[in-house]
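Here's the structure, in structure tokens; my notes come after.
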Amino acid sequence: MRKTIGLFLLCLVVASCGKSYEEQRRISRAEKARLAREDSLALKVGVVPTLDGLPLFVAKDRHFFDSLGVDVRLKAYDSHIDCDQAMSEKKVEGGMTDVVRGERMRRKGLTLRYVAATNAYWQFISNRLSRISELKQMEDKMVAMTRFSATALLTDLALDSVRMKPETVFPVQINDPNVRLHMLLNNEMDAMLATEPQATAARLMKNAVHMDSRDKDLRLGVVAFREGALRDNHRTGQLKAFVKAYNMACDSINRYGLQHYADIIKKYTKADDRTVAALPQLKFPVAAAPRQKDIDRANRWLR
């Protein structure tokens, strides 16, 4: 009799556990479906670890997007090329890139809208141990850059300024700006094209700057969105709020300065305290389309 009662109770426990497990699976599936739906409705923006993305980082971490009722989700990528790939594959609605890459994507059939021209600039920096005192000494040297990008265009401009042919230098495709920096600092690369904060980190280690894109009157950084992702009222409203929050962040950075947001800079770019403390004073322009002459310059180079 006791055995019968024991078996009966055991069956009840097993049945109860089984029901609980099935219930948990059902809830888990429902939760996953809810999260997936929320993610699909959110405005997803690809970002890379460079300082020109600071308005995006500030708008996110200081809840400017939330205050305007827009769900913006920053998706971190190591490089522009990865961010561009995510846009092409429709994993994100927009992202950080440069005009050269944007125009190349347009040529390949991806319709883009340039929402904001950023304050990104690039410097041609040589490894101090390579003992390059002028660009003419770059012959047979390696330079880290990305093909079909602002860095490739600027590499050509740097060499052209001293009448060197591109084929006299060895371009090495290193897409990740932080990997590019580490290779220069570890003496694995003779030179690189760098934007901030990587450029500051390189300068702190006494590596020489030979060219600055600002001296060439080039403004090539942009935040772009896929036109195909902006066709309905929901996305249009999100983009409007996105731009407003972006501008709020620019105004805040310009008012309080970079050091006020040192924690955010370190979080998103992986820069150390010394680099952040040494960053130059920069102004962040509110959202506006890039200059037509920068777009034209990119297209002439792409031909």
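The values are calculated or read from the model by the stated rules, or taken from the named source; none is laboratory data. Because the structure is predicted, anything quoted here is derived from the model rather than measured. Here Cβ is always computed from backbone atoms with ideal geometry, including for glycine, and neighbour counts include all displayed protein chains. When the accessible area is computed, the model is the full protein with side chains, heavy atoms only, and any ligands, DNA or RNA have been set aside. Shrake-Rupley method; radii C 1.70, N 1.55, O 1.52, S 1.80 Å.
Would you call Ala249 in a loop (DSSP other than H, G, I, E, B), in contact (Cβ under 8 Å) with a residue 24 or more places away in the chain and either farther than 15 Å from Gln198 by Cα or open to solvent by less than 20 Å² (accessible area, probe 1.4 Å) (or both)? Spell out how you get there, then give the answer.
Details: in a loop (DSSP other than H, G, I, E, B): no; in contact (Cβ under 8 Å) with a residue 24 or more places away in the chain: yes; either farther than 15 Å from Gln198 by Cα or open to solvent by less than 20 Å² (accessible area, probe 1.4 Å) (or both): yes.
No.
State the number of residues belonging to the stretch 194-219 that are open to solvent by 10 Å² or more (accessible area, probe 1.4 Å), among the charged types (D, E, K, R) and at negative phi.
6
Of all residues being touching a residue at least 40 places away in the same chain (Cβ under 8 Å) and out of contact with any helix residue (DSSP H, G or I) (no Cβ under 6 Å at 6 or more places or on another chain) in the stretch 272-292, which is most open to solvent (accessible area, probe 1.4 Å)? Just the residue, please. I'd like the intermediate steps shown before the answer.
Here is the first cut: in the stretch 272-292, the ones touching a residue at least 40 places away in the same chain (Cβ under 8 Å) are 272, 274-276, 278-280, 282-291.
Within this subset, residues satisfying the condition of being out of contact with any helix residue (DSSP H, G or I) (no Cβ under 6 Å at 6 or more places or on another chain) are 272, 274, 280, 282, 285, 288-289, 291.
Details: Asp272: 86, Arg274: 136, Pro280: 38, Leu282: 32, Pro285: 58, Ala288: 51, Ala289: 72, Arg291: 58 Å².
Per the stated criteria, the residue is Arg274.
Scan (1) closer than 19 Å to Gln238 by Cα; (2) outside any helix (DSSP H, G or I) for the single condition Phe65 breaks and write down its number.
If we test Phe65 against (1) closer than 19 Å to Gln238 by Cα; (2) outside any helix (DSSP H, G or I), just (2) comes out false.
Given the criteria within 23 Å of Thr200 (Cα to Cα), open to solvent by 60 Å² or more (accessible area, probe 1.4 Å) and within 15 Å of the chain's Cα centre (by Cα), does Asp78 qualify? Walk me through it before giving the result.
Numbers: within 23 Å of Thr200 (Cα to Cα): yes; open to solvent by 60 Å² or more (accessible area, probe 1.4 Å): yes; within 15 Å of the chain's Cα centre (by Cα): yes.
When the stated conditions are applied, Asp78 passes them.
Which numbered condition in (1) assigned to a helix (DSSP H, G or I); (2) open to solvent by 10 Å² or more (accessible area, probe 1.4 Å) is the only one that Ala59 fails?
(2)
Among the residues of the stretch 161-198, write down those that are among the charged types (D, E, K, R), part of a helix (DSSP H, G or I) and either at pLDDT 95 or above or in contact with a helix residue (DSSP H, G or I) (Cβ under 6 Å, 6 or more places away or on another chain) (or both).
Initially, the stretch 161-198 is screened for residues among the charged types (D, E, K, R), giving 163, 165, 167, 176, 180, 188, 190, 196.
Retained after the next criterion (residues that are part of a helix (DSSP H, G or I)): 167, 180.
Listed by number, the list holds a single entry, Arg180.
Do we have any residue at all in the stretch 226-241 that's in contact with a strand residue (DSSP E or B) (Cβ under 6 Å, 6 or more places away or on another chain), in a helix (DSSP H, G or I) and in contact (Cβ under 8 Å) with a residue 60 or more places away in the chain? Even if it seems obvious, please write down each step before you answer.
Within the stretch 226-241, the first condition is being in contact with a strand residue (DSSP E or B) (Cβ under 6 Å, 6 or more places away or on another chain), and the residues that meet it are 227, 238.
Remaining after also requiring in a helix (DSSP H, G or I): 227, 238.
Subsequent filtering for residues that are in contact (Cβ under 8 Å) with a residue 60 or more places away in the chain retains 227, 238.
For the stretch 226-241, residues in contact with a strand residue (DSSP E or B) (Cβ under 6 Å, 6 or more places away or on another chain), in a helix (DSSP H, G or I) and in contact (Cβ under 8 Å) with a residue 60 or more places away in the chain: present.
Every residue in the stretch 179-238 that is small (Gly, Ala, Ser) and in contact with an Asp or Glu (Cβ under 6 Å, 6 or more places away or on another chain), please. Explain how you work it out, then say what you get.
Within the stretch 179-238, the subset small (Gly, Ala, Ser) is 191, 194, 199, 201-202, 208, 213, 221, 224, 228-229, 237.
Result: Gly221, Ala229.
Which condition from (1) part of a helix (DSSP H, G or I); (2) closer than 21 Å to Lys266 by Cβ is the one that Thr155 breaks?
(2)
Step by step: first the residues of the stretch 225-268, then only those that are of a type in the set (Phe, Trp, Tyr) and farther than 20 Å from Gly94 by Cβ, then the one that is farthest from the chain's Cα centre (by Cα). Which residue is that? Steps first, please.
Filtering the stretch 225-268 down to residues of a type in the set (Phe, Trp, Tyr) leaves 225, 242, 246, 256, 261, 268.
Adding the requirement that they be farther than 20 Å from Gly94 by Cβ leaves 256, 261.
On the way: Tyr256: 23, Tyr261: 18 Å.
Top of the filtered list is Tyr256.
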